[in-house]
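Taking it in order: structure first as structure tokens, then the write-up.
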Amino acid sequence: MKHKIKTNLLGLKKWAWRKDLTGFFSLNGKDLTDAQVRTMVEWAISKGYIYDVDIPGDEVIKLLNL
């Protein structure tokens with residue numbers, strides 16, 4: 001049985017926000033920098049996304065100018 005692991009964005013912000021988040025998320029095989037992860041998480045929370053898997057990749061590409 002496969003389990004899908006999801007990251008709760010509010011939980012990430014609450015428990016790991018003081019850490020370096022470089023590489024915590026990747027997009028198209030490229031690790032995101034600490035600043036990119038923080039930008040993406042703040043933006044996603046403001047849009048009402050709860051988990052990382054809810055965030056459309058194409059929107060992140062536009063947001064981060066990738």
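Readers should treat all values here as calculations from the given coordinates under stated rules, not as data from a laboratory. What you see is a predicted model, and the numbers here were worked out from it, not measured in a lab. In this analysis, Cβ positions are derived from the backbone assuming ideal geometry, glycine residues included, and neighbour counts consider all displayed protein chains.
Here are the numbers:
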| read-out | value |
| --- | --- |
| Residue ID - surrounded by the most Cβ atoms within 10 Å (Cβ to Cβ), chosen from residues in segment 22-66 that are in contact with a Leu (Cβ under 8 Å, 6 or more places away or on another chain) and free of Cβ contacts under 8 Å to residues at least 24 places away in the same chain | V37 |
| Selection within segment 1-54 - β-branched (V, I, T) and in a loop (DSSP other than H, G, I, E, B) | I5, T7, T22, T33, I50 |
